[in-house]
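Undergrad: Here it is, the structure in full.
The values are calculated or read from the model by the stated rules, or taken from the named source; none is laboratory data. All values reported here derive from a predicted model rather than from experimental measurement. All Cβ positions, glycine included, derive from the backbone under ideal geometry; neighbour counts span all protein chains shown. Calculation scope for accessible area: heavy atoms of the full protein, side chains included, ligands and nucleic acids excluded. Shrake-Rupley method; radii C 1.70, N 1.55, O 1.52, S 1.80 Å.
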Amino acid sequence: MFGKYFSKDKNKIYLPGEEIRIDRSYSFNGGSVCKEDPISVCRGRMFFAIGCFCLFYLVISLKLFNLCLTSAFEKQGNTRKIADIKSPIRRADIVDRNGTIIATSLPVVNLYAHPHQIINPEKAAHELANILPDMNFDDILHKLRSKNNFVYLKRNLTPSQQYQINYLGIPGLNFENGEKRVYPHKNLFAHIIGATDIDNEGISGMEKALNDRLVSSDIPLQLSVDVSIQDTVRMHLLEGMKKYKAQGAMAVLMDVKNSEIISMVSLPDFDPNSNQLKSERSLFNMATKGVYEPGSVLKIFNTAMSLESGKIKVADKFDATEPLRLKHNVIKDYRGENRWLSVPEILVYSSNIGSARMALKVGGSEQRNFLERLGFFDKLDIEVAEKGYPLVPKRWGEGTVATVAYGYGIAVSPLHVISGYSAMINGGIYHSPSFLKDNPKGKGGHRVISYNTSQSMRKLMRLVVTDGSGKRANVKGYEVGGKTGTANKISAQGKYVDKKVRTTFVSAFPISDPKYALIVMMDEPQPLKETWGFVTAGWNSVPTASAIITAIAPQLNLKANYDLDELRRQRIIEASYSH
């Protein structure tokens with residue numbers, strides 16, 4: 001019965017259920033049966049899918065590699081693309097010498113309207129008045145009913161106000177991105193930095209003078225001023241102004257080696273962040289624009305000129321026993337010594353007669369040329385917009401020579417005075433003053449007096465403080481040297497007024513090796529009980545300068561020298577007579 005399973009008859013017909021044996025040698029012989037094999041078709045499709053996935057991931061890998069490689073090259077060499085990215089802030093920051101920001105710009109949003117697109121002006125004005133409490137309904141409605149195509153409604157919106165107005169969904173209201181200038185230190189640098197208008201364009205101070213620089217580069221502008229020193233100077237100057245009931249006050253601190261300005265304060269001042277109306281006096285920069293007759297501080301330059309000319313020596317004496325009578329003028333001394341005075345004594349006792357006689361001996365032509373080399377005939381090249389023109393007499397006769405010698409007849413700014421004074425004590429080199437750190441103008445300069453004359457002036461300046469009207473500025477350890485000056489103001493009628501004066505004290509420390517010069521000026525200080533009714537510089541500007549020097553000298557890292565004794569002081573006096 002099993003034979004049927006092993007039969008070799010190929011024509012045999014198998015019954016249902018009988019095993020059919022397939023000869024697999026025909027599976028891959030290229031026959032039609034193989035082409036229809038489901039397993040082969042499935043395998044081919046699987047390989048095709050895998051190939052597609054591999055190709056897809058290969059493309060992604062190449063793209064990623066290319067991206068990484070390109071970024072690396074851009075970081076290494078292609079910095080231009082980074083530089084071309086524009087900052088949303090258009091105006092550069094201003095920083096002090098240590099990098100502290102004193103002026104910066106912040107992004108803000110402004111609200112404006114197209115009035116013709118406002119469907120219901122009354123309703124829109126009511127909604128906006130609720131969101132903007134500093135604007136009233138009538139003002140908003142007036143703007144929304146304007147016939148103009150464009151009107152500003154409110155500048156410098158807060159993020160909350162912008163969100164609420166945007167939420168109203170009123171057609172015709174739009175927002176504009178802008179920037180607002182901010183001054184973190186408020187009044188502190190008001191007369192140096194100045195201010196900008198609502199369009200962020202400079203209108204005063206450095207903002208105006210250097211407007212093109214500030215809008216053409218996003219690199220911060222670094223100044224020579226120091227925030228901490230400025231704050232200290234302003235604090236003590238304000239105290240002095242209040243104490244002596246002056247109408248105004250001014251102080252400038254300068255590096256004598258290169259004429260970089262470390263601090264400059266003019267009072268009263270203003271807050272440049274405020275949009276409120278400011279008084280004309282608070283906007284006036286006395287340091288750079290306030291030209292005035294400095295008084296006896298000009299005797300410094302008269303003495304230096306006389307010694308430099310070679311016609312006068314330190315030990316020479318001049319007759320001050322009686323007033324000097326000229327053709328149109330009589331020159332007197334204030335509380336004079338009424339005797340012959342040496343050159344040091346003329347400075348110590350601030351003799352008008354002695355100074356005039358010295359100048360007349362040297363000559364008007366030499367005097368004029370000397371002051372011209374100090375820049376006293378020209379407007380200063382300084383980085384602020386407010387600069388005063390010196391008032392110089394057209395005719396330089398005998399009377400002019402004599403009066404200029406003791407501080408009248410020529411009007412200059414306090415910055416003129418301290419710049420010239422720095423040249424008298426720094427070795428004889430004049431540098432143009434600057435508010436910029438690493439003053440490019442301070443690298444050159446021109447010689448105005450010899451080194452030996454400058455050395456003599458240092459000793460004479462020290463004598464004024466130890467023995468003369470500057471005694472109240474004799475700060476222990478810092479060898480202060482300087483000169484006082486008190487000049488009467490001119491009335492509207494063109495006459496000098498008693499008791500209405502400007503007092504000045506210009507000083508340097510340490511005078512044996514000068515580092516810094518300081519000038520303090522007060523406008524119309526009042527007579528007080530503690531000043532015994534006097535209003536001269538020795539009673540107000542000098543003690544104010546003393547307070548400033550005492551406070552800032554440690555801040556400037558100046559080491560106090562407490563080894564100064566009476567013997568050394570006598571040696572200085574003897575040396576001043578030896579020339």
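Undergrad: Tally the residues that are outside any loop (DSSP other than H, G, I, E, B) and surrounded by fewer than 24 Cβ atoms within 10 Å (Cβ to Cβ), restricting the search to the stretch 490-538.
TA: Step one: filter the stretch 490-538 for residues outside any loop (DSSP other than H, G, I, E, B), giving 490, 496-509, 516-523, 537-538.
Restricting the remaining residues to those that are surrounded by fewer than 24 Cβ atoms within 10 Å (Cβ to Cβ) gives 490, 496-501, 516, 523, 538.
Residues in the stretch 490-538 being outside any loop (DSSP other than H, G, I, E, B) and surrounded by fewer than 24 Cβ atoms within 10 Å (Cβ to Cβ): 10 in total.
Undergrad: While we're looking at this one, here's another question. Quick one: Leu188 ticks every box in (1) in contact with a helix residue (DSSP H, G or I) (Cβ under 8 Å, 6 or more places away or on another chain); (2) at pLDDT below 95 bar one, so which box is it?
TA: Of the numbered conditions (1) in contact with a helix residue (DSSP H, G or I) (Cβ under 8 Å, 6 or more places away or on another chain); (2) at pLDDT below 95, the odd one out for Leu188 is (2).
Undergrad: Quick one: what pairs do we get from the stretch 308-320, first residue touching a residue at least 40 places away in the same chain (Cβ under 8 Å), second aromatic (Phe, Trp, Tyr) and open to solvent by less than 50 Å² (accessible area, probe 1.4 Å), C-beta under 9 Å, 6+ apart or different chains?
TA: Glu308/Phe370; Ser309/Phe370; Ile312/Phe318
Undergrad: Take the conditions farther than 30 Å from Pro525 by Cβ and surrounded by fewer than 16 Cβ atoms within 10 Å (Cβ to Cβ) and apply them to Ser217. Does it pass? Give the steps one after another, and end with the answer.
TA: Numbers: farther than 30 Å from Pro525 by Cβ: yes; surrounded by fewer than 16 Cβ atoms within 10 Å (Cβ to Cβ): yes.
Answer is yes for this residue.
Undergrad: Just checking, how many residues over the stretch 440-454 are surrounded by 16 or more Cβ atoms within 10 Å (Cβ to Cβ) and modelled with pLDDT of 95 or more? Outline the logic, then answer.
TA: Step one: filter the stretch 440-454 for residues surrounded by 16 or more Cβ atoms within 10 Å (Cβ to Cβ), giving 441-442, 445, 448-449, 453-454.
Subsequent filtering for residues that are modelled with pLDDT of 95 or more retains 448-449, 453-454.
Matching residues across the stretch 440-454 total 4.
Undergrad: Could you grab me the full set of residues in the stretch 109-155 that are surrounded by fewer than 17 Cβ atoms within 10 Å (Cβ to Cβ) and touching a Gly at 6+ places or on another chain (Cβ under 6 Å)?
TA: Listed by number, the residues that qualify are His114, Gln117.
Undergrad: Among the helices (runs of 4 or more DSSP H) contained in the stretch 252-352, which hold 1 or more residues that are small (Gly, Ala, Ser) and surrounded by fewer than 24 Cβ atoms within 10 Å (Cβ to Cβ)?
TA: Values: elements: 280-283, 299-309, 343-348.
Helices (runs of 4 or more DSSP H) meeting the threshold: 280-283, 299-309.
Undergrad: If you take the residues in the stretch 204-251 that are of a type in the set (Val, Ile, Thr) and assigned to a helix (DSSP H, G or I), which one is farthest from Ile519 (Cα to Cα)? Quick ask: steps written out before the conclusion?
TA: First, the residues of the stretch 204-251 that are of a type in the set (Val, Ile, Thr): 215, 219, 225, 227, 229, 232-233.
Retained after the next criterion (residues that are assigned to a helix (DSSP H, G or I)): 215, 227, 229, 232-233.
Values: Val215: 33, Val227: 18, Ile229: 14, Thr232: 15, Val233: 11 Å.
Filtering first and then ranking leaves Val215.
Yes/no matrix, rows are residues, columns are (1) without any contact (Cβ under 8 Å) to a residue 12 or more places away in the chain; (2) in contact with a strand residue (DSSP E or B) (Cβ under 7 Å, 6 or more places away or on another chain); (3) closer than 14 Å to Val464 by Cα:
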| position | (1), (2), (3) |
| --- | --- |
| Gly481 | no, yes, yes |
| Thr484 | no, yes, yes |
| Ala487 | no, yes, no |
| Ala492 | yes, no, no |
| Lys495 | yes, no, no |
| Lys500 | no, yes, no |
| Ser507 | no, yes, yes |
| Ile511 | no, yes, yes |
| Val520 | no, yes, no |
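Undergrad: For the stretch 315-362, which positions are more than 20 Å from Val404 (Cβ to Cβ), in contact with a strand residue (DSSP E or B) (Cβ under 7 Å, 6 or more places away or on another chain) and of a type in the set (Lys, Arg)?
TA: Lys317
Undergrad: Now for a separate question. Please enumerate the residues belonging to the stretch 151-197 that are aliphatic (A, V, I, L, M) and touching a residue at least 60 places away in the same chain (Cβ under 8 Å). Steps first, please.
TA: Of the stretch 151-197, the ones aliphatic (A, V, I, L, M) are 151, 153, 157, 165, 168, 170, 173, 182, 188, 190, 192-193, 195.
Leu173, Val182, Leu188, Ala190, Ile192, Ile193, Ala195 - these are the residues of the stretch 151-197 that are aliphatic (A, V, I, L, M) and touching a residue at least 60 places away in the same chain (Cβ under 8 Å).
Undergrad: Answer yes if at least one residue in the stretch 356-363 is among the small types (Gly, Ala, Ser) and crowded, with 17+ Cβ neighbours inside 10 Å, and no otherwise.
TA: Yes, that holds for at least one residue.
Undergrad: When you look at Ser87, is it under 30 Å from Val182 (Cβ atoms), among the polar types (S, T, N, Q) and modelled with pLDDT under 75, yes or no?
TA: Numbers: under 30 Å from Val182 (Cβ atoms): yes; among the polar types (S, T, N, Q): yes; modelled with pLDDT under 75: yes.
The answer is yes for Ser87.
Undergrad: Criterion first (under 30 Å from Leu210 (Cα atoms) and either of a type outside the set (Phe, Trp, Tyr) or open to solvent by 10 Å² or more (accessible area, probe 1.4 Å) (or both)) does Val412 satisfy it? Spell out the reasoning first.
TA: Numbers: under 30 Å from Leu210 (Cα atoms): yes; either of a type outside the set (Phe, Trp, Tyr) or open to solvent by 10 Å² or more (accessible area, probe 1.4 Å) (or both): yes.
In short, yes.
Undergrad: Going by the conditions given, is Asn488 in contact with an Asp or Glu (Cβ under 7 Å, 6 or more places away or on another chain) and more than 25 Å from Pro433 (Cβ to Cβ)?
TA: Numbers: in contact with an Asp or Glu (Cβ under 7 Å, 6 or more places away or on another chain): yes; more than 25 Å from Pro433 (Cβ to Cβ): yes.
Criteria met by Asn488.
Undergrad: Could we say that Asp134 is modelled with pLDDT of 90 or more and either under 26 Å from Thr196 (Cα atoms) or not β-branched (Val, Ile, Thr) (or both) here? Let's see the steps before the verdict.
TA: Numbers: modelled with pLDDT of 90 or more: no; either under 26 Å from Thr196 (Cα atoms) or not β-branched (Val, Ile, Thr) (or both): yes.
The answer is no for Asp134.
Undergrad: Next question, about the same structure. Of all residues in the stretch 213-228, which are under 14 Å from the mean Cα position of the chain (by Cα) and under 18 Å from Pro440 (Cβ atoms)? Spell out how you get there, then give the answer.
TA: So in the stretch 213-228, the residues under 14 Å from the mean Cα position of the chain (by Cα) come out as 213-214, 220-228.
The answer is Arg213, Leu214, Pro220, Leu221, Gln222, Leu223, Ser224, Val225.
Undergrad: Then there is this: Given the condition open to solvent by 30 Å² or more (accessible area, probe 1.4 Å), touching a residue at least 12 places away in the same chain (Cβ under 8 Å), over 30 Å from Leu221 (Cβ atoms) and out of contact with any strand residue (DSSP E or B) (no Cβ under 8 Å at 6 or more places or on another chain), answer yes or no: does some residue in the stretch 397-407 qualify?
TA: Yes, because at least one residue in the stretch 397-407 is open to solvent by 30 Å² or more (accessible area, probe 1.4 Å), touching a residue at least 12 places away in the same chain (Cβ under 8 Å), over 30 Å from Leu221 (Cβ atoms) and out of contact with any strand residue (DSSP E or B) (no Cβ under 8 Å at 6 or more places or on another chain).
Undergrad: Specify the residue that is farthest from the chain's Cα centre (by Cα); the eligible residues are those in the stretch 378-395 that are surrounded by fewer than 16 Cβ atoms within 10 Å (Cβ to Cβ) and free of Cβ contacts under 8 Å to residues at least 60 places away in the same chain. Don't jump to the end; show me each part of the working.
TA: Pass one, the stretch 378-395, residues surrounded by fewer than 16 Cβ atoms within 10 Å (Cβ to Cβ): 378-379, 381, 389, 391, 393-395.
Keeping just the survivors that are free of Cβ contacts under 8 Å to residues at least 60 places away in the same chain gives 378-379, 393-395.
Details: Asp378: 23, Lys379: 20, Pro393: 34, Lys394: 36, Arg395: 39 Å.
Going through the qualifying residues, I end up with Arg395.
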